[in-house]
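Below is one structure, written out as structure tokens; comments come after it.
Please treat every number below as a calculation from the coordinates, not as lab data. On a predicted model such as this, the values are computed, not experimentally measured, just so you know. Virtual Cβ from ideal backbone geometry, glycine too; neighbours counted across all protein chains shown.
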């Protein structure tokens, strides 16, 4: 299930020229299996990428919720009518135990 949760995102990937690239955006939707990120800084399809998503919610102990994931860019969207809708889709590569635990905590607070 995908949740439409807007939250700040930072991301980075290794470009074809070997240089580390980074960007910021906001999540459009998110699930345990991936996310869609709105941004004007678009990595290429196929890029391995790391994301850090900072949620506005806190857990029961008052900790800020953040999910970090690595994945692959599977789609880039560039609608001509609105640059604010530019973005990319990421499929999560490794569904680690930690990611599952953080995802359960977040989905309970929605």
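Rounded to two decimals, the Cα-based Rg/Rh of the stretch 8-103, with Kirkwood Rh, is 0.99. Taking a quarter of the surface of the Cα convex hull of the stretch 35-78 gives a mean projected area of 3.6 nm². Which stretch or stretches of the stretch 19-54 have amide N atoms under 15 Å from the point lying 7 Å from residue 68's Cα along the Cα→Cβ direction? Hits in the stretch 19-54 for residue 68 at 15 Å: 49-54. Exposure proxy shown here: for 68, 81, the number of other Cβ atoms within 10 Å sets the order, fewest to most, as 81, 68. Relative protection proxy for 37-44, 16-23, from highest mean packing down: 37-44, 16-23 (other beta-carbon atoms within 10 angstrom).
The distance between label points at residue 48 and residue 60 comes to 3.7 nm (points 7 Å beyond Cα on the Cα→Cβ vector). What fraction of the Cα pairs in the stretch 1-44, stated in percent, has a spacing above 18 angstrom? Beyond 18 Å sits 33 percent of the P(r) for the stretch 1-44. Estimated from the Cβ-Cβ distance and a Förster radius of 25 angstrom, the FRET efficiency linking residue 24 and residue 81 is about 0.65.
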